[in-house]
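Engineer: Just dropping this structure here.
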Amino acid sequence: MSSLAIDKSKSRVVIIGAGIGGLTAGALLAHRGYNVLILDQALVPGGCASTFKRQGFTFDVGATQVAGLESGGIHHRIFSELAIDLPEATPCDPACAVYLPGEVTPINVWRDPEKWQAERQRQFPGSEPFWQLMATLFAASWEFQGRDPVLPPRNLWDLWQLTQAVRPSTLITVPFTLFTVGDALRLCGLGNDRRLRTFLDLQLKLYSQVNAEETALLYAATALSVSQLPQGLFHLQGSMQVLSDRLVEALERDGGKLLMRHTVEQIKVENGKATALVIRNQKTGEVWTEATDHVVANVAVQNLVQLLGEQAPSGYKHRVEKLPQASGAFVVYLGVDDSAIPPECPPHLQFLYDANGPIGENNSLFVSVSHPGDGRAPDGKSTIIASSFVDPTPWWLTDNYPLLKQKYTEEAIARLAQYFYLKPETIIHQEAATPRTFAHYTARDRGIVGGIGQRIPTFGPFGFANRTPINHLWLVGDSTHPGEGTAGVSYSALTVVRQIEALK
Ligand SMILES: Cc1cc2nc3c(=O)[nH]c(=O)nc-3n(C[C@H](O)[C@H](O)[C@H](O)COP(=O)(O)OP(=O)(O)OC[C@H]3O[C@@H](n4cnc5c(N)ncnc54)[C@H](O)[C@@H]3O)c2cc1C
């Protein structure tokens, strides 16, 4: 059905949050005839995948690389259904150039599978059995995910969707469900390969929040394989904002509505069913209760529990409280003269400084560099964005927040200066974001980012479901399967849309 008008027989859906998860769910529901209202407390949509502008530079707040743009990829599928153009993008090749401590030549994660195989065989001799196991698990998991399983299932319909996605080829993954990457390394006789493990720790932390020892193997198989063809990571032309802007366009074209600077303060529940939201207009201070048939919460699961307050089911609340501490992020945004960028600089780099130090806390930095004509910097200038995972707690306990922020900023810039030419004369703009900044701009509890962590007890079949224990209350975003990233939260949005439609 082409739904340029709202189908009166379909329900009203109010969505908390215009992150990629909320916008994708909203745009799809509006396109399928639902009456959609999205509320976001921020100034611009996109959440962790939005942007801000300073002195002619455009900085991507968090996400800088996009998966799922290839034909059949999740963004491609959703944009096709919405009949909107996919953002223009260039493939990331290498997806990442990884510098281990003391090394001057990077490990290049090439886009071409054969080139990547040659690189890893040279970098990690004897590791091929591990990579072959990953390739086998990835092939099966990717096909399975492409058939839109509902994970974890919470009722018969979910279970049916899950079983429909299973094929004999999927069964090869089953014995590995409880394996971590650490287990697989030992299985392949690579348990003591420090260099390989350090590389995996670094890369996996980006996608799963945790190191190789803890990351669920089936999750890692996908995270470590999507950078190669026929999938791949992409750098959007213009900025990350394009993704959100296109989704907003589709939403509004199909009769949906987006209200920015509107905070949802409470989800109201009656007889076990979400029925309304308490909303505050930040500009006018007006507070009102909005009745709805469905609530889609595009928030971290920790925020969901807060929005439910006393009405949160005790088991659910307890499970959320017992989750391991999630990571926050510390990000430095630099607008620089092109003379700061070394020749042939890859667009995405990862550095580890001290082999014995933590992955994060500025000891490792993930760096994205703009390239000429990509819309992020004026001619002759570039942006450098460097992020590191941090423990959010000290950022809230410190009695001298500005000093802590300054210390982290100086430390990050000093580390970046080992690669880039960073001097007062080449840095035009400098700014940093801490867990407090993320809490302010994205409303995420304590500024935590990237979901709940892909450990065995919280990934896929054992994670938080989109279907919450409260009827007609749906959770969408990086706390749910298949996890963080704009592609991940788009799958999550698609699942919720299908679950709502199935109630018709
Ligand atoms: C530093 C960093 C780097 C990253 N790099 C990448 C990358 O390269 N590639 C990638 O794919 N992913 C990356 N990610 C992860 C990715 O950005 C996120 O997983 C994804 O964007 C999360 O989307 P979401 O829709 O779940 O939630 P969010 O982006 O958190 O959006 C939630 C929205 O809800 C709003 N909101 C919350 N509570 C309320 C409320 N009570 N009332 C009203 N509005 C509310 C917020 O304002 C926000 O706009 C990165 C993340 C970070 C932090």
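Just so you know, all these numbers are worked out from the coordinates, no wet-lab data involved. Nothing here was measured: the structure is a model prediction, and the numbers come from that model. FYI the Cβ positions are ideal-geometry reconstructions off the backbone, even for glycines, and counts take in every protein chain you see.
Engineer: Quick one: work out the % antiparallel among DSSP beta bridges in the chain, nearest 5. Intermediate results must be reported in sequence, preceding the final value.
Structural biologist: Details: 54 of 76 bridges.
If I count the DSSP bridges inside the chain, around 70 percent turn out antiparallel.
Engineer: Gain in length, THR163 to LEU259, computed as 0.36 nm per residue apart minus the alpha-carbon separation, to one decimal in nm?
Structural biologist: 30.7 nm
Engineer: Using θ = phi - 60° and the Karplus relation 6.51 cos²θ - 1.76 cosθ + 1.60, list the HN-Hα couplings for region 251-268 in order, rounded to whole Hz, with x at every Gly or Pro.
Structural biologist: Karplus values, whole Hz, x for Gly and Pro: 4, 5, 4, 9, x, x, 10, 10, 10, 7, 6, 10, 9, 8, 9, 7, 9, 8.
Engineer: Given only helices, namely DSSP H runs of n ≥ 4 each adding -39500 (n - 2.57), what is the per-residue ellipticity at 222 nm of the chain, to the nearest 500 deg cm²/dmol?
Structural biologist: The per-residue figure over the chain is -10000 deg cm²/dmol.
Engineer: Per the Kirkwood formula on distinct C-alpha pairs, the Rh of region 1-73 is how many angstrom?
Structural biologist: The answer is 14.2 Å.
Engineer: Excluding SER208 itself, what net charge comes from residues whose Cβ is under 12 Å from its Cβ, given Lys and Arg +1 and Asp and Glu -1?
Structural biologist: On the way: positive: LYS205, ARG455; negative: ASP201, GLU213, GLU214, ASP478, GLU484.
Counting the neighbours of SER208, the net charge comes to -3.
Engineer: Given 20 °C and 1.002 mPa s, compute D for region 114-224 with the Stokes-Einstein relation, Rh being the Kirkwood radius over Cα pairs; round to the nearest whole µm²/s.
Structural biologist: The calculation lands on 144 µm²/s.
Engineer: Let me ask something else. Mind pulling the per residue volume of the convex hull built on the Cα atoms of the chain? Å³ is fine.
Structural biologist: 148
Engineer: Distance from the Cα centre of region 435-483 to that of region 86-103, in angstrom?
Structural biologist: Their Cα centres are 26 Å away from one another.
Engineer: Where does each of 181-192, 289-300, 402-413, 65-76 land if you order them by average Cβ count within 10 Å, highest first?
Structural biologist: Packing order, densest peptide first, comes out as 289-300, 65-76, 181-192, 402-413.
Engineer: Then there is this: Which order do the peptides 433-445, 341-353 take when ranked by the mean count of other beta-carbon atoms within 10 Å per residue, highest first?
Structural biologist: 433-445, 341-353
Engineer: Now a separate question. Cα-Cα over 32 Å: which of LYS53/LYS317; LYS257/LYS405; LYS53/LYS268; LYS205/LYS407? Mind dumping the intermediate values first?
Structural biologist: Numbers: LYS53/LYS317 38 Å; LYS257/LYS405 37 Å; LYS53/LYS268 37 Å; LYS205/LYS407 23 Å.
Correct reply: LYS53/LYS317; LYS257/LYS405; LYS53/LYS268.
Engineer: When the Cα centres of region 344-364 and region 242-277 are compared, how far apart do they sit, in Å?
Structural biologist: 38
Engineer: When a/c is below 1.5 the answer is rounded, else prolate if a/b is larger than b/c, else oblate, so apply that to region 328-445 with a ≥ b ≥ c taken from the square roots of the Cα gyration tensor eigenvalues.
Structural biologist: In terms of gyration-tensor shape, prolate.
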